[in-house]
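Trainee: One structure, as structure tokens, below. Some questions next.
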Amino acid sequence: MKLQVFLATLVAAFLTSSLGSVALGTTIISDDFESYADTTAMQAVWGAAGVGTLDTAFGNPGQSYRNNGGVQNQQTIAGLVPTAANPVVYTVDIYDDGTSANKRMTAGLRSSAVANLFEMGMYNSPNHYAVRAVLPGPSWVAFSNMVDDSNQPIQNAPVAGWHTYKMVLDGASATFTIDLNGDGNINGTEVLAAAFIGASPIDTVRLGVGLSSAGGGANFDNVNLSVVPEPASMLLMGLACVGLGFARIRS
């Protein structure tokens, strides 16, 4: 009887969390750059020694990664293949000093074979805040129909501040959002068709595009990469587990 009560309680708790769209996922990377003593320590994790540096005086908050253009740092991870049931979610804060629309400063995911490539950030053509999803898919696409925090239309032009970028990959599309000043208000959304090539899983996480940036560099902070099951998938798995528990009681 006690076990039945426990399982019933477990079912209720699980349904509450699932139907509330609270999905537990697998965190691949979570880096706020606070644990590094210096650039050497940061590069031991992010590689490409001698290029991007640790900015100990400026972050969101605290410390951050600094890229002056023409370089990139990256981590190699176990291959990920996004699906509708298990989408891949990548978020990063990028600081824009607001002085130039001629920057090329991005964060991205890609396969080492470059069959799948997804990036977001600042790019000088087209406009400023932009994304891309190749191969396959379109190359750089500017965030269109951007709005301010009062939902009024604004131009896609440099805004000084820490901006939060997010991409969600589900195997068929890439959904990008930008939150200017990271205040929780989404100021732009782009959804690109991107049929993922499963034979080339994502295995590289990059900061910096590796191209020159005539408009200057940028700082990067709060890098997070995870696989987040959809609530419906979690619900089915939970109910299956609970069902097995009840079946075991009866036997």
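The values are calculated or read from the model by the stated rules, or taken from the named source; none is laboratory data. For clarity, every value in this text was computed on a predicted model and none was experimentally measured. No Cβ is skipped: glycine too gets one built from the backbone with ideal geometry, and neighbour counts run over all protein chains shown.
Trainee: When the residues of segment 44-64 are narrowed to those that are among the small types (Gly, Ala, Ser) and in contact with a strand residue (DSSP E or B) (Cβ under 6 Å, 6 or more places away or on another chain), which ends up surrounded by the most Cβ atoms within 10 Å (Cβ to Cβ)? Walk me through it before giving the result.
Mentor: Initial filter on segment 44-64 (among the small types (Gly, Ala, Ser)): 44, 47-50, 52, 57, 59, 62, 64.
Now restrict to residues that are in contact with a strand residue (DSSP E or B) (Cβ under 6 Å, 6 or more places away or on another chain): 47-48, 52, 59, 64.
Numbers: GLY47: 16, ALA48: 15, GLY52: 25, GLY59: 22, SER64: 28.
Across segment 44-64, the extreme among qualifying residues is SER64.
Trainee: A follow-up question, please. Would you point out which residue out of SER125, SER30, SER111 is more than 22 Å from GLY217 (Cβ to Cβ) and at pLDDT below 95? Steps first, please.
Mentor: Working: SER125 fails: more than 22 Å from GLY217 (Cβ to Cβ); SER30 fails: at pLDDT below 95.
The conditions single out SER111.
Trainee: Applying the selection to segment 110-127, what residues are in contact with a Ser or Thr (Cβ under 8 Å, 6 or more places away or on another chain), in contact (Cβ under 8 Å) with a residue 40 or more places away in the chain and not in a loop (DSSP other than H, G, I, E, B)?
Mentor: ARG110, GLU119, MET120, GLY121, MET122
Trainee: Is it the case that ASP148 is surrounded by 15 or more Cβ atoms within 10 Å (Cβ to Cβ) and charged (D, E, K, R)? Full working, then the answer.
Mentor: Numbers: surrounded by 15 or more Cβ atoms within 10 Å (Cβ to Cβ): no; charged (D, E, K, R): yes.
No, not satisfied.
Trainee: Applying the selection to segment 200-229, what residues are buried (at least 18 other Cβ atoms within 10 Å of the Cβ), at negative phi and assigned to a loop (DSSP other than H, G, I, E, B)?
Mentor: Of everything in segment 200-229, those that are buried (at least 18 other Cβ atoms within 10 Å of the Cβ), at negative phi and assigned to a loop (DSSP other than H, G, I, E, B) turn out to be SER200, PRO201, VAL209, SER213, GLY215, GLY217, PRO229.
Trainee: If you don't mind, there's one more thing I want to ask. Which one of the conditions (1) free of Cβ contacts under 8 Å to residues at least 60 places away in the same chain; (2) under 30 Å from ALA57 (Cβ atoms); (3) hydrophobic (A, V, I, L, M, F, W, C) does ALA107 fail to meet, given that it meets all the rest?
Mentor: Looking at each condition in turn, ALA107 falls short on (1).
Trainee: LEU211 fails exactly one of the following numbered conditions: (1) under 23 Å from VAL88 (Cα atoms); (2) at pLDDT below 95. What is the number of that condition?
Mentor: (1)
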